[in-house]
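Only one structure is covered here, and it is reproduced in the block below.
Each reported figure results from applying straightforward, stated rules to the coordinates on display, with no laboratory input. Quantities reported herein were computed from a predicted structural model and do not represent experimental measurements. Backbone-built Cβ (ideal geometry, glycine too); neighbour counts: all protein chains shown.
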Amino acid sequence: MRLSQFFMPVLKETPSGAEIVSHQLMLRAGLVRQSAAGIYSWLPLGLRVLQKIEAIIREEQNKAGAIELLMPTIQPAEIWRESGRYDDYGKEMLRITDRHDRELLYGPTNEELITQIFRDSVKSYKDCPRTLYHIQWKFRDEIRPRFGVMRGREFLMKDAYSFDLSKEEARKSYQKMFISYLRTFERLGLKAIPMQADTGPIGGDLSHEFIILADTGESEVFCHKALLEKSALDTTIDFDDDLSPMMEQWTSHYAATEEMHDATRFEKEVASADQISARGIEVGHIFYFGEKYTKAMKCEVQGPDGKLVTLHGGSYGIGVSRLLGAIIEASHDEDGIIWPNSVAPFDVGIINLKPGDEATDSMCQQFYKALQDHGLDCLLDDTKERPGGKFKTMDLIGLPTQIIVGPKGLKNGIVEIKSRKTGMRQELETKELDIVTAITALTNKGL
Ligand code: ATP
Ligand code: MG
């Protein structure tokens, strides 16, 4: 993409009213614009990141055996009456009446709709278990939308729903999502810690929130330090294997949200030097709820013995749009965003210091073409802006690697490469330039 032809309205000043750094940077870097309180338009740069996050989530869901579908944003009120949640949900639910006076709503979540679909389509135990998911916009009329996309009213969620014949089977479905979430967040460059969360009236130990530690987080959390060091990516996981040992590794250390926190246990189990109490951002939440919806909505199948079995359900959410804010909170400096490679809107930014200068234009074009040919997305700043402004903008939008090309350097046969994360600069001689090797070294893309 050539910046001169792109749409990337960056702001020089920090906009007033944006309280936390991720919100400020999202506005300044031209990722989003507010349309109404808690409702945002996704500008091209922000959309590219959102789509990259979505793609990683989708890949990991599919690997774990979940199957994608797409449900609408608008749902009929009846199914919510069937489950008994229509009145409970209160003012957070945006209720709509159509021209025939039919009651509709903008879905805040999809347990009812998916249960209806499953119930009406599946009749036999042979078609279980299944985990279905979609990535779709939700609306919750939050009392206090704030922090930009972190607590919006309209927001993008990945929500999966499992249907199993028994609690034991449901536990396996839960474990798959648990491990899949760890891998997803790690690929997004995040340290998300699974913490025991409130299971409400169902009880048991099958609810976890996935939390990113950050001072600006809205949740208070408590955990063992060891959880910060763990990685879920080093082993090849077969999701058909027994995942219990891996679950055990992740759940044996103390980690709990405020609602579940047991101070006495915390003090006893975690040596004080290893205890962390911190603020956190909830980026995912998984939940086993047994027969809560399936019973009320008669979601049952015929078992092997011919008797009807009420299915056991679970739901598994990831805050896709919230993740942009969370990633920026976790990865920025005073100059702007530092995108992890996996979600950066472009892999490389090329700065042309003197558009119009023949040698400079031609070298930029060579880079642009060679990198694109090797599957790297490039943003070429070919605008007439002063060099100082170009450097600032490139740092602000946080692309992992910058290539700086100007007539002075070229006279000596040199261009400069800069890593956004480390600030490290490296001069490269253009005459023996092996473009691909140079970029590979910096982006770690393994071309
Ligand atoms: P919270 O406690 O933050 O209000 P929740 O527990 O109500 O969230 P869930 O129903 O568990 O949210 O939704 C799944 C995920 O969707 C959450 O883990 C979070 O990442 C995301 N999410 C929930 N509410 C919002 C919101 N208002 N704006 C952006 N993302 C949200
Ligand atoms: Mg939650």
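Spatially, region 364-398 and region 60-138 are offset by 43 Å when compared through their Cα centroids. Between L132, F222, I193, the Cα set farthest toward the positive side of the dipole of region 125-231 (charges on each charged residue's Cβ, about the Cα centre) is that of L132. Over what distance in Å are the Cα centres of region 153-212 and region 284-356 separated? Distance between centres, Cα-based: 10 Å.
Can you classify region 89-158 as rounded, prolate or oblate using the Cα gyration tensor, where a ≥ b ≥ c are the square roots of its eigenvalues, rounded means a/c under 1.5, and otherwise it's prolate if a/b beats b/c and oblate if not? Taking the square roots of the gyration eigenvalues as a ≥ b ≥ c, region 89-158 is oblate.
Look at the alpha carbon pairs under 8 Å that are at least 6 residues apart: their mean separation over the length of the chain gives a relative contact order of 16 percent.
Let's test the formula: R0 of 35 Å, r as the Cβ-Cβ distance of K295 and E220. What FRET efficiency results, to the nearest 0.05? Result of the calculation: an efficiency of 0.55. Indicate the gyration tensor shape class of the chain (rounded, prolate or oblate), computed on the Cα atoms with a ≥ b ≥ c the square roots of the eigenvalues: a/c under 1.5 is rounded; otherwise a/b larger than b/c is prolate and the rest oblate. Because a/c hits 1.5 or more and a/b exceeds b/c, the chain counts as prolate.
For K230, the lysines whose Cα falls under 16 Å of its own Cα, not counting residues fewer than eight places away in the same chain, are K191.
Simple rule: put +1 on each Lys or Arg Cβ and -1 on each Asp or Glu Cβ in the chain, find the dipole, and look at P355, L308, I74; the Cα lying farthest toward the positive end is P355. Here the Kirkwood formula, the inverse mean of 1/r across different C-alpha pairs, assigns region 346-385 a hydrodynamic radius of 10.2 Å.
Peptide packing: for 97-104, 390-397, the average count of neighbouring Cβ atoms within 10 Å per residue gives the ranking 390-397, 97-104, highest mean first. Pairs K408/K431; K167/K307; K390/K431; K126/K167: which exceed 22 Å Cα-Cα? Too far apart for the 22 Å limit: K390/K431. Taking each residue as 0.36 nm, the span from E92 to I67 lengthens on full extension beyond its C-alpha to C-alpha distance by 6.1 nm.
Considering only Cα-Cα distances, which of the following residue pairs are longer than 32 Å: K225/K392; K63/K392; K268/K295; K52/K392; K91/K172? Cα-Cα > 32 Å for K225/K392; K63/K392; K268/K295; K91/K172; rest within.
Of the residues T109, G46, M297, the one whose Cα sits farthest toward the positive end of the charge dipole of the chain, with +1 on the Cβ of Lys and Arg and -1 on the Cβ of Asp and Glu, is G46. Peptides 107-114, 17-24, 85-92, 166-173, ordered by how many other C-beta atoms sit within 10 Å of their residues on average, highest first, read 107-114, 17-24, 166-173, 85-92. Relative protection proxy for 155-162, 308-315, 5-12, 373-380, from highest mean packing down: 155-162, 308-315, 373-380, 5-12 (other beta-carbon atoms within 10 angstrom). Under 1.5 on a/c is rounded, so check that first for region 346-444, then, if it is not, pick prolate when a/b is larger than b/c and oblate when it is not; a ≥ b ≥ c are the square roots of the alpha carbon gyration tensor eigenvalues. It comes out rounded by the Cα gyration axes. Computed over region 167-254, the alpha-carbon pair-distance distribution with 5 angstrom bins reads 3, 12, 24, 26, 20, 10, 4, 1, each value a whole percent. Here the label points at S16 and R33, each 7 Å from Cα along the C-beta direction, are separated by 2.0 nm in the simple model.
Taking a cut-off of 14 Å between Cα atoms, list the aspartates and glutamates near K354, but don't count ones fewer than 8 places away on the same chain. The reachable aspartates and glutamates, counting only those whose Cα sits under 14 Å from K354, are D381, D382, E385. A convex hull fitted around the alpha carbon atoms of region 273-414 yields 246 Å³ per residue.
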